[in-house]
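For reference, the structure is listed below as structure tokens.
The values are calculated or read from the model by the stated rules, or taken from the named source; none is laboratory data. Computed from a predicted model, the values in this text were never measured in an experiment. Neighbour counts run over all protein chains shown; Cβ positions are idealised from the backbone, glycine included.
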Amino acid sequence: MKNWATLEADIDCWMNKHYTPGRGNAKINKIVVHHNASRLTIQGIWNVWQTRQASAHYQVQNDGVIGQLVHDYDTAWHAGSANPTSIGIEHANLTFEPGWTISDACLDNGAHLVAALCLYYGLGRPTWGVNVFGHKSFASTACPGAIAGSQTGGYMHHAQQWYDKMLAEQGSTVAATTPAIPSSVLSVGSNTTSRPTADIQRLVGADPDGVYGVDTTAKVVAWQAAHGLTPDGIWGPMSDAAGFPPAHAVKSGNLEVDGIVGPETVKAYQRRRGLLADGIMGPATVASIQALVGASADGVFDGQNQDLIAASWPALTSYNRGGEGSPGVAALQSRLGTEPDGLLGPDTARAFQAALNEGRI
Ligand SMILES: [Zn+2]
């Protein structure tokens, strides 16, 4: 790292897709570690992620050099339901099957990065299973190989030593659990709706002078991030619908988040959107969800695993069967901050229910 205290990586190699801008209103509370199941460079893993719907925030090379690929304030796609609340670190392997070890340099710098992140985000002393997890805690996978096996002890010992050293040198700093969006990424946004700009400014806490400038843009970005919207600073139809819901819309807030989208969940969604609240997720309701997440609104989710749907989305009547995951579902998952694998299962159902409770969809 160029600077451990400020989390400035040796190399920045930013992803241009396959992550979710912002984190909604989620706070970072854990680090999730991965191995490449390969020995990749920073550029190498960037290349892989161009072709797969996956990403992580950092990559530690075999020589210990660290690259950053996704900003901490954005949601990388690396650990399913843990994505919104975690930072993901990838590690290149030294050996392959069956050992899946990492090099000493990779271990030491990966552990140092864990320590620096725990300090920066106020997560406390790095502890395995408390604030540092292997990918396999959140998915059925062999990842992170020996880091969750023969090398766990060494990795966490180094992480704690680095944490104690950094804490002694820097002192306890104010935790930044919500990463700031640097002003350098802001350009002046705009209001593309017919809503008076002063109304928007009052809603987001900006001076209601009717001028859509840098301050209003920054306040809109923060408001969008807090409401699970793409924080682009542009006030368009989606922001407007979220900010000024129609009078008949209700905030349910009390759905049980049980991972089963049955009639009650669907009724809550339908009431929110002003649809007929019959509790059946038919073509009109599906089309409404597709439009909401920017997917083609044909009213049908394509190519789904029938058993998975029957178990976790029993109210859904309108879908095609078989084949690969659906782009429309992946768009919904991206919006919800879950892994966009295109399959409607219990993780997506839980995220859908939580988003309804929090008024984010
Ligand atoms: Zn992994």
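General observations
- Number of residues in the range 95-116 that are out of contact with any Phe, Trp or Tyr (no Cβ under 9 Å at 6 or more places or on another chain) and either of a type in the set (Phe, Trp, Tyr) or farther than 16 Å from ALA142 by Cβ (or both) equals 7.
- The set of residues from the range 129-158 being away from the ligand (no atom under 16 Å from the Cβ) and in contact with a strand residue (DSSP E or B) (Cβ under 7 Å, 6 or more places away or on another chain) comprises ASN131, MET156.
- Against the numbered list (1) among the aliphatic types (A, V, I, L, M); (2) surrounded by fewer than 21 Cβ atoms within 10 Å (Cβ to Cβ); (3) in contact with a Gly (Cβ under 6 Å, 6 or more places away or on another chain), ALA354 comes up short only at (3).
- Residue count, the range 138-148 (criterion: among the small types (Gly, Ala, Ser) and either farther than 17 Å from GLY110 by Cβ or surrounded by fewer than 16 Cβ atoms within 10 Å (Cβ to Cβ) (or both)): 3
- When the range 19-42 is filtered for residues that are of a type outside the set (A, V, I, L, M) and under 22 Å from ALA142 (Cβ atoms), the ones remaining, listed by number, are LYS30, HIS34, HIS35, ASN36, SER38, ARG39, THR41.
- Among the residues making up the range 32-78, a single one is within 13 Å of the ligand (Cβ to nearest atom), surrounded by fewer than 17 Cβ atoms within 10 Å (Cβ to Cβ) and of a type in the set (Ser, Thr, Tyr): SER38.
- Of all the criteria given as (1) more than 16 Å from the ligand (Cβ to nearest atom); (2) within 21 Å of the chain's Cα centre (by Cα); (3) assigned to a loop (DSSP other than H, G, I, E, B); (4) not basic (Lys, Arg), the one not satisfied by GLY124 is (2).
- Residue that is surrounded by the fewest Cβ atoms within 10 Å (Cβ to Cβ), among those in the range 223-245 that are part of a helix (DSSP H, G or I) and touching a helix residue (DSSP H, G or I) at 6+ places or on another chain (Cβ under 7 Å): GLY243
- Flag for LEU107 being surrounded by 20 or more Cβ atoms within 10 Å (Cβ to Cβ) and under 14 Å from HIS18 (Cα atoms): no
- The combined condition, being among the aromatic types (Phe, Trp, Tyr), within 16 Å of the ligand (Cβ to nearest atom), assigned by TED's automatic domain parsing to the domain that holds ALA105 and at pLDDT 85 or above, is not fulfilled by TYR163.
- Yes/no for LEU94 being of a type outside the set (S, T, N, Q) and more than 14 Å from the ligand (Cβ to nearest atom): yes
- Boolean, ASN83 is within 16 Å of the ligand (Cβ to nearest atom) and either within 21 Å of HIS18 (Cβ to Cβ) or assigned by TED's automatic domain parsing to the domain that holds PRO340 (or both): yes
- If the condition is being over 19 Å from TYR319 (Cα atoms) and either surrounded by 22 or more Cβ atoms within 10 Å (Cβ to Cβ) or of a type outside the set (Gly, Ala, Ser) (or both), then the range 276-286 contributes only LEU276.
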